[in-house]
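Enquirer: Have a look at this one before I ask anything.
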Amino acid sequence: MGLKVYWTETSINKLEDIFDYCKTSAGIDVAPKIVDSIIDTTIALENQPRTG
């Protein structure tokens, strides 16, 4: 059985902070890829909680 992952307002705000930081330090082309990777990894935890 998998887990249920909830995105809180705080976690969404932190993800936006990560995007803004990556946008300035790594570039606008890279920032969405990093955030997408974080989201994809979090989604994967729902189906495979032992990977985390």
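Read-outs throughout are calculated quantities, based only on the coordinates presented, and are distinct from any laboratory measurement. Here the structure is a predicted model, which means the values were calculated and not measured. Cβ: placed from backbone, ideal geometry, glycine included. Neighbour counts: every protein chain shown.
Enquirer: Can you tell me the orientation of helix 31-47 relative to the chain, as the angle in degrees between its alpha-carbon axis and the longest Cα principal axis, to the nearest 10?
Expert: Orientation of helix 31-47: about 0 degrees from the principal axis.
Enquirer: When the convex hull of the C-alpha atoms of the chain is computed, what volume per residue in Å³ does it have?
Expert: 66
Enquirer: Let me ask something else. Helix-only mean residue ellipticity at 222 nm, the chain, DSSP H runs n ≥ 4 weighted -39,500 (n - 2.57), per residue, nearest 500. What is it?
Expert: -22000 deg cm²/dmol
Enquirer: Less than 13 Å Cβ to Cβ from Ile38, Lys/Arg counted +1 and Asp/Glu -1: what total charge do the surrounding residues give? Walk me through the intermediate numbers first.
Expert: On the way: positive: Lys14, Lys33; negative: Glu16, Asp17, Asp36, Asp40.
Summing Lys/Arg as +1 and Asp/Glu as -1 gives -2.
Enquirer: Hey, what did the chain get for relative contact order, percent, Cα under 8 Å, at least 6 apart?
Expert: Numbers: 32 pairs, mean separation 26.9, N = 52.
Averaging sequence separation for qualifying contacts and normalising by length gives 52 percent for the chain.
Enquirer: Next question, about the same structure. Hey, what angle do you get for helix 9-25 against the long axis of the chain, alpha-carbon based, 0 to 90 degrees rounded to 10?
Expert: 40
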